[in-house]
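Colleague: Have a look at this one.
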Amino acid sequence: MMKKQLNIVVLAKQVPDTRNVGKDAMTPEGTVNRSALPAIFNPEDLNALEMALHIRELAGNATVRVLTMGPARAADIIRDAMFRGADGGYLLSGREFAGSDTLATSYALSCALRKIQPDLIVAGRQAIDGDTAQVGPQVAEKLGLPQVTYAEEIVELKEKSIVVKRRLDHGTEVVESPLPMVLTVNASAPECRPKNAKRVMKYKFALTPSEIAAAPDTEAARRATEKEYLQITEWAAADVNPDPQQLGLAGSPTKVKKIENVVFQAKEAKKLTAADCDIADLMVELIASHTLG
Amino acid sequence: MNNVFVYIELENGAVADVSLELLTKGRELADTLKVKLEAVVIGENLAGIEKELAKYGADTVWVADDKIFAPFRTLPHTAVMCGLIEQEKPQIALFGATPVGRDFAPRVSSALHSGLTADCTQLVIGDHADPKTGKGYTNLLYQIRPAFGGNIIATIVNPDHRPQMATVREGVMRKEEAAKPHAGEVRKIDWQKFVKDTDLAVKIIDRQIEERKINIKGASVIVAGGYGMGSKENFQLVHELAEVLGAEVGASRAAVDAGFTDHARQIGQTGVTVRPKLYIACGISGQIQHTAGMDQSSMIISINTDPEAPINKIADYAITGDVNDVIPKMIKYYKQNSK
Ligand SMILES: Cc1cc2nc3c(=O)[nH]c(=O)nc-3n(C[C@H](O)[C@H](O)[C@H](O)COP(=O)(O)OP(=O)(O)OC[C@H]3O[C@@H](n4cnc5c(N)ncnc54)[C@H](O)[C@@H]3O)c2cc1C
Ligand SMILES: Cc1cc2nc3c(=O)[nH]c(=O)nc-3n(C[C@H](O)[C@H](O)[C@H](O)COP(=O)(O)OP(=O)(O)OC[C@H]3O[C@@H](n4cnc5c(N)ncnc54)[C@H](O)[C@@H]3O)c2cc1C
């Protein structure tokens, strides 16, 4: 008897690479020019993708699709995920979503997820730009599903539940949750498998309808139109039946009042050498000022 | 009504430091707003817990005491917190940005449709005018937090939804007993009204939690070692200096990843946040993820062979030299000059 197919959706976000801010991304004033940062697959969402692909292997009969909300170019991370093993993806895109805080983001994602009806939702723990780690739990609440955060390892996949090991500050916990549910995956979980050369050949022409429409006469557009597996689903707000009041800026209780760029300026440090006299003077000074002792 | 709530987290039955830090801040906010400070404790065997909370300024201590609440599980905690907030309508609710707070505070905020600001480093009361409508608001909570990997600092307000919710990391706010103890009046939460059977669907099968032995957060002097220490054996030098100075040992992630020392000592974005009187960075380059956890130190000394190491930009004293040379000299001259 064939088991029912397990449909998994990975939530993934395209983010500016805030981790390695190079000199070229700095303004003359010493602040970060965010638009100069490369757009990447949010690191913990790659851990989430790996966990989803692993669960697909455990289940046998399962699919993994990526859902991302973002601008048109966010389709890049869906293709990236397909190169690594995902079956396809959904891009949720439109002006209505602009200015979303985490609540409006999770509301929009939950509308799309209601339409997809997955058996399991796998998110990253945290995005490296907004840095809140709030979207996963908020999506779970909006869908009325249980959640397991900080997932590190799948201990067992059962017919109607999943057993997961989670990483806490000072240890680990193993929990069992009924399906459907939401997992958020920790950076300590296994790294994502690399892109597979055969899959890159197969999926490099995967396009969204907007991308096809933007360059209809290209070879890529022709192929994507012919082959269903090369079509990335694209939804605008109206496609997921939202309450417009809960989207974007209007649906966001938090408002950014002010943003200050952190200025990396050289506060003049006193320069010392390793010479005995320098170190001796320093220790005397620290003792005299009661910083030490 | 309109009071300040602080969620109290328990660690092995004791109140977590972060919750006492939040009570200290909550007391200050409640005084500014002329309202009460209310602590919310959800757990088991809570008799007497109000005494310590009163010392830190709690006027009221709300208690839900039952075995279903320990160890922490998301859904029953969320149900109790949401139910109590709807009943008492606080204007502010604060949570520790811990694995517990970051797990269930977003869920509470989602259910109540009230905003939540993550990892605040400052909380201040102030006024606000909506830039579009011009509508004025008084006495909002300014929730100030770093984002973009520490490259920007945002001030976030929550004008139209209550409560204004925020999480704060451990070690970021000061912990201080109130000038005089407050009433700490115990009130039972009628939690049976809020928790449904389906909230108990997730089962805890096993828990392996280590006792916290290392207390870098509370240390007034920290000697931290980085990848520049070279090896696990050489990392002993950091311990030796710390021992002589009566300091705690911290580390960068590169040092932890290389196996020089335990994860519990990691300082930075994915470790602990510290603000000691003195921070000595030995062979640490000073990447933003590290400095995010220590740049509030009152004084920073760096020891690095590279005079251009980024750590020197925030250091008060930059010693250009080899740790193998400088650390033994520091030990020698400290011993010679103390007492
Ligand atoms: C400076 C600044 C500060 C901010 N502070 C706050 C704040 O304190 N509170 C607040 O509510 N909002 C805040 N926001 C807004 C917030 O960054 C955005 O709402 C963002 O879209 C989602 O939050 P995040 O980046 O923190 O994601 P996280 O909650 O950290 O993301 C967790 C996981 O959710 C999934 N996910 C997140 N976004 C998407 C997406 N677009 N598509 C698919 N999956 C996704 C991913 O799996 C991700 O790993 C802030 C924004 C800025 C610019
Ligand atoms: C998402 C994310 C989260 C992170 N979180 C953290 C975090 O919480 N904490 C953290 O620390 N890092 C964190 N990191 C890593 C961080 O980016 C850096 O990689 C790390 O801090 C570097 O550690 P280090 O300074 O010890 O090593 P390196 O960058 O390798 O620096 C070693 C330094 O030692 C100096 N040196 C070498 N030999 C000697 C010698 N003999 N004597 C004196 N000096 C010497 C070198 O000049 C160099 O400056 C995080 C990274 C990411 C992407």
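Coordinate-derived values only; no laboratory data. The structure presented is a predicted model; accordingly, all values stated were derived computationally and were not measured. Note that we place each Cβ from the backbone using ideal geometry, even for glycine, and neighbour counts take in every protein chain shown.
Colleague: Note the angle between two axes, namely the Cα long axis of helix A:102-116 and the longest principal axis of the Cα atoms of chain A, as a number of degrees from 0 to 90, rounded to the nearest 10.
Modeller: So the inclination is approximately 20 degrees.
Colleague: Would you calculate a helix-derived [θ] at 222 nm for chain B, using -39,500 (n - 2.57) for each DSSP H run of n ≥ 4 and dividing by the full residue count, to the nearest 500?
Modeller: Value at 222 nm, helices only, nearest 500: -7500 deg cm²/dmol.
Colleague: Calculate the radius of gyration of the Cα atoms of the protein assembly as shown to one decimal place, then report Dmax, the largest Cα-Cα distance, as a whole number, both in Å.
Modeller: In Å, with Rg to one decimal and Dmax whole: 25.7, 84.
Colleague: For peptide B:197-206, how many partner chain Cβ atoms fall within 10 Å of a residue's Cβ, on average?
Modeller: Averaged over the peptide's residues, the number is 5.
Colleague: So if we plug the beta-carbon distance of A:ASN261 and B:GLU243 into 1/(1 + (r/R0)^6) with R0 = 30 Å, what FRET efficiency do we get, rounded to 0.05?
Modeller: Approximately 0.15, to the nearest 0.05.
Colleague: Now for a different question. Which value results when the Cα radius of gyration for segment A:1-152 is divided by 2.2 N^0.38 Å?
Modeller: 1.09
Colleague: Is there a simple number for the mean count of other chain Cβ atoms within 10 Å of the Cβ of residues in B:272-278, and what is it?
Modeller: On the way: counts 1, 0, 0, 0, 0, 4, 4.
Across B:272-278, the average partner-chain Cβ count within 10 Å equals 1.
Colleague: With only alpha-carbon atoms counted, please give the Rg and Dmax of segment A:209-293, in Å.
Modeller: 30.9, 79
Colleague: Just checking the output field for B:299-310: average partner chain Cβ neighbours within 10 Å of each residue's Cβ?
Modeller: The per-residue average across the peptide is 2.
Colleague: Using only the C-alpha atoms of chain A, find the volume of their convex hull and express it per residue in Å³.
Modeller: 215 Å³
Colleague: Based on DSSP H runs of at least 4 residues, each adding -39500 (n - 2.57), what is the mean residue ellipticity at 222 nm of chain A after dividing by all its residues, to the nearest 500 deg cm²/dmol? Walk me through the numbers before you get to the answer.
Modeller: Details: 8 runs with 85 residues, N = 293.
Theoretical 222 nm ellipticity from helices: -8500 deg cm²/dmol.
Colleague: So what are the ³J(HN,Hα) numbers for segment A:223-229, from phi and the Karplus equation (6.51, -1.76, 1.60; θ = phi - 60°), rounded to whole Hz, Gly and Pro as x?
Modeller: Computed from phi, the couplings for segment A:223-229 are 5, 5, 5, 6, 9, 4, 5 Hz.
Colleague: Which order do the peptides B:326-336, A:46-56 take when ranked by the mean count of other beta-carbon atoms within 10 Å per residue, highest first? Intermediate results must be reported in sequence, preceding the final value.
Modeller: Working: B:326-336: 19.0, A:46-56: 23.3.
The densest-packed peptide leads the list: A:46-56, B:326-336.
Colleague: On a 0 to 90 degree scale, rounded to 10, what angle separates helix B:323-337 from the longest Cα axis of chain B?
Modeller: The angle comes out at about 90 degrees.
Colleague: What ranking of B:CYS282, A:CYS277, B:CYS82 emerges when the number of other C-beta atoms within 10 Å of each C-beta is taken as an exposure proxy, fewest first?
Modeller: A:CYS277, B:CYS82, B:CYS282
Colleague: Mind telling me which of B:ALA154, B:ALA166, B:ALA79 comes out most flexible in a GNM of chain B, alpha-carbon contacts under 10 Å?
Modeller: It is B:ALA154.
Colleague: Quantify how much of the Cα-Cα distance distribution of segment B:221-337 extends past 16 Å, in percent.
Modeller: 53 percent
Colleague: Additional query: Toward the positive end of the charge dipole of segment B:181-339, about the Cα centre and with charges on Cβ (Lys, Arg +1; Asp, Glu -1), which of B:VAL195, B:MET294, B:ALA242 goes farthest?
Modeller: B:VAL195
Colleague: Using only the alpha carbons of chain B, what is the convex hull's orientation-averaged projected area in square nanometres?
Modeller: 20.1 nm²
Colleague: In addition: Where in segment A:132-202 are there GluC sites (Glu not before Pro) that are in a DSSP coil and have at most 10 other Cβ atoms within 10 angstrom of their Cβ?
Modeller: A:GLU159, A:GLU191
Colleague: Using the count of nearby Cβ atoms within 10 Å as a rough guide to exposure, how do A:LEU11, A:LEU207, B:LEU22 rank from fewest to most?
Modeller: A:LEU207, A:LEU11, B:LEU22
Colleague: Turning to a different aspect of this structure: Could you give the size of the charge dipole of segment A:136-263 about its Cα centre, using +1 on the Cβ of each K and R and -1 on the Cβ of each D and E, expressed in debye and rounded to the nearest 20?
Modeller: Using only the charged Cβ atoms, the result is roughly 340 debye.
Colleague: For a distance above 18 Å, tell me the whole-number percent of Cα pairs in segment B:190-262 that qualify.
Modeller: 57 percent
Colleague: Of the listed pairs B:LYS51/B:LYS180; B:LYS51/B:LYS89; A:LYS257/B:LYS132; A:LYS204/A:LYS227, which have alpha-carbon separations greater than 20 Å here?
Modeller: B:LYS51/B:LYS89
Colleague: Please state, rounded to one decimal and in Å, the Kirkwood hydrodynamic radius that segment A:24-96 gives when every pair of distinct Cα atoms enters the mean of 1/r.
Modeller: Every distinct Cα pair counted, the radius reaches 14.1 Å.
Colleague: Nearest 10 degrees, 0 to 90: what angle lies between the long axis of helix A:43-59 and the longest principal axis of chain A (Cα atoms)?
Modeller: In chain A, helix A:43-59 runs at an angle near 40 degrees to the longest axis.
Colleague: For B:LYS51 and A:ALA72, FRET efficiency with R0 = 51 Å and r from the beta-carbon atoms, rounded to 0.05?
Modeller: It comes to 0.30.
Colleague: Moving to a separate point now. Work out Dmax and Rg for segment A:128-269 from the C-alpha atoms and quote the Rg first, both in angstrom.
Modeller: Both quantities, over Cα of segment A:128-269: 21.6, 64 Å.
Colleague: Sort the following peptides by mean Cβ neighbour count (other Cβ atoms within 10 Å, averaged over residues), highest first: B:113-124, B:184-195.
Modeller: Answer by packing, highest mean first, reads B:113-124, B:184-195.
Colleague: By count of other Cβ within 10 Å, fewest leading, how are B:HIS239, B:HIS77 ordered?
Modeller: In increasing order of surrounding Cβ atoms, one gets B:HIS239, B:HIS77.
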